[in-house]
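A.B. asks: One structure, as structure tokens, below. Some questions next.
Coordinate-derived values only; no laboratory data. Since we're looking at a predicted model, the values are computed, not measured. Please note: Cβ atoms are built from the backbone with ideal geometry, for glycine as well, and neighbour counts cover all protein chains shown.
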Amino acid sequence: MWLEHIEIENIRSLNNFNIDFSPKLNIILGENGSGKTSILESIHLLSLGKSFRPGKETNLINSFSDYFRVVGIISDNEKKVSIQTSRNALEKRIKLNNKVLKSRASLIGIFPTVVFSPDTLDIISGGKAPRLAFFNRIFCTVDPDYMDTLIQLEKILIQKKQLLKNNQINQIDYWNQLFAEKSQKIWKKRHKLWTEFSEEFEGTWNLVFPEKKASIGYSYFKEISINKITEKLNKIKEQEALYGKVLFGPQKDEFIFYYNNILLKEFGSQGEKKFFHYILKLVEGGFIKKKLGKTPVLLLDDLFAKIDSVRIEKMLNSMFDKFQMFITSTDIHKDGIKSWISTDTKLINI
Ligand SMILES: Nc1ncnc2c1ncn2[C@@H]1O[C@H](COP(=O)(O)OP(=O)(O)OP(=O)(O)O)[C@@H](O)[C@H]1O
Ligand SMILES: [Mg+2]
């Protein structure tokens, strides 16, 4: 699938920006602060109903305005859909074909995108939470049942936290039973999806960079039966009551990235981290395509700094025909991308 057209109103410095895109390569060209990343953020607002940059969502609203609105036309060659995301100071609204959606979750999987940006580097360099969020988002995109179960598990977790905080221990067994059932389902699915993802990752890595090894580890509660989970929950019940905290469950899982058999986060150089990050994103694109049957759009922001152009070209060559891509650049000569421009390429000067 691909984004045919976008209308952007009042996203950061972009007051009124309307444009048609190429189904293949789109290069967004402009100096620092011209609004390149804001265009990618706008596309992401259509995909997930939120930006990929940290910060309050109202920060996106142009400082001289009191609302933003983004509309996109997405095509998959058979049919077209329109998505609109807008917000003012008070409320956010997402519309699919002009009908208001109840929640952001209803948007997941309709127009998938994969973002590579310095703002998503916390997957590599941050704590365990962004890595878990990264895999949860991919698994929710490709498996609606995983998403439903995760939403239910999060609701149970909120209840359990509340009970522990208020010292209402007599009701814990009831919630622990529900927690065990949902946890088992999440662990089973997460383990299966991680196995598939990490195999794809290693396959892709070996193709582009066989000189070094890289892999993705997953640490979780390995005895995935409702009885074993309940047993463990019973065992730690008093401890949880004592600390007033939830101490066990899939929300504590950890994904670990290894480069050359050592921890990437601790030992990797900036370029190595960026390269790993990039391969991870390519695999995310291929994985979503394979599992969901829809081709995601790639949003590649600030790709060039710190990765040598030979390696970039090697990585990107295989992608040109498969995905619609958006790449930002401050200088096509310096970034070595002039040779990529063909009749299929749209050059967007902003
Ligand atoms: N709420 C806002 N209202 C008005 N302008 C804003 C707002 N938020 C950010 N800006 C400005 O919008 C401009 C565009 O930012 P953006 O990050 O899209 O630029 P960029 O082209 O990606 O730059 P770089 O090459 O440095 O990455 C910046 O000058 C920024 O200061
Ligand atoms: Mg930018």
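A.B. asks: Rounded to the nearest 0.05, what FRET efficiency do GLU91 and ILE236 give with R0 = 41 Å and r taken as the Cβ-Cβ distance? Could you check?
C.D. replies: Details: r = 41 Å, r/R0 = 1.00.
Working from the Cβ atoms, E equals 0.50.
A.B. asks: For the range 129-181, what is the per residue volume of the convex hull drawn over the alpha-carbon atoms, in cubic angstrom? Show your work: numbers first, answer last.
C.D. replies: Values: hull volume 3.8 nm³, N = 53.
Dividing the Cα hull volume of the range 129-181 by its residues yields 72 Å³.
A.B. asks: Can you list the residues, at least 5 places off or on another chain, whose amide H is less than 5 Å from the amide H of VAL297, using H built in the peptide plane?
C.D. replies: THR113, VAL114
A.B. asks: Still on this structure, please answer the following. Quick one: GLU9, GLU223, GLU202, fewest Cβ neighbours within 10 Å first, how do they rank?
C.D. replies: Ascending number of Cβ neighbours within 10 Å: GLU223, GLU202, GLU9.
A.B. asks: Which whole-Hz couplings ³J(HN,Hα) result when phi for each residue of the range 95-112 is put into the Karplus expression 6.51 cos²θ - 1.76 cosθ + 1.60, θ = phi - 60°, listed in order with x for Gly and Pro?
C.D. replies: Each residue of the range 95-112 in turn: 10, 10, 6, 6, 9, 5, 8, 6, 8, 4, 4, 5, 8, 4, x, 7, 9, x Hz.
A.B. asks: Below 8 Å between Cα atoms, with a sequence gap of 6+, how large is the relative contact order for the chain in percent?
C.D. replies: On the way: 552 pairs, mean separation 89.6, N = 350.
This gives 26 percent for the chain.
A.B. asks: Still on this structure: Where in the range 1-94 are there chymotrypsin sites (Phe, Trp or Tyr not before Pro) that are in a DSSP coil and have at most 13 other Cβ atoms within 10 angstrom of their Cβ? Let's see the in-between values first.
C.D. replies: Details: sites: TRP2, PHE17, PHE21, PHE52, PHE64, TYR67, PHE68; in loops: PHE21, PHE52, PHE64.
Loop-located and lightly packed - PHE64.
A.B. asks: Next question, about the same structure. Compute the acute angle (0 to 90°) between the alpha-carbon long axis of helix 172-208 and the principal axis of greatest extent of the alpha-carbon atoms of the chain; round to the nearest 10°.
C.D. replies: 40
A.B. asks: Then there is this: Quick one: check the C-alpha center-to-center distance for the range 252-289 versus the range 3-79, whole angstrom.
C.D. replies: Here the answer is 27 Å between Cα centres.
A.B. asks: Kindly express, to the nearest 10 degrees and within the range 0 to 90, the angle between helix 144-165's C-alpha long axis and the longest C-alpha principal axis of the chain.
C.D. replies: Its long axis makes an angle of about 50 degrees.
A.B. asks: If you don't mind, there's one more thing I want to ask. What Kirkwood hydrodynamic radius, in Å, does the chain give when the mean of 1/r is taken over all pairs of distinct Cα atoms and then inverted? If you can, show how the numbers build up before the last one.
C.D. replies: Values: mean 1/r = 0.0456 Å⁻¹.
Taking every pair of different Cα atoms in the chain, averaging 1/r and inverting gives 21.9 Å.
A.B. asks: Here is a further query. How far, in degrees from 0 to 90, does helix 226-235 lean away from the longest principal axis of the Cα atoms of the chain, to the nearest 10?
C.D. replies: Taking the Cα atoms of the chain, the angle to 226-235 is about 70 degrees.
A.B. asks: Okay, moving on. Sort the following peptides by mean Cβ neighbour count (other Cβ atoms within 10 Å, averaged over residues), highest first: 276-289, 119-132. Please list the in-between numbers first.
C.D. replies: Numbers: 276-289: 21.4, 119-132: 16.1.
Order by mean packing, descending: 276-289, 119-132.
A.B. asks: Once you compute Rg and the Kirkwood Rh from C-alpha atoms, what is the Rg to Rh ratio for the range 127-292? List each step's numbers first, then the result.
C.D. replies: Values: Rg = 18.1 Å, Rh = 17.4 Å.
With Rh from the inverse mean 1/r over Cα pairs, Rg/Rh is 1.04.
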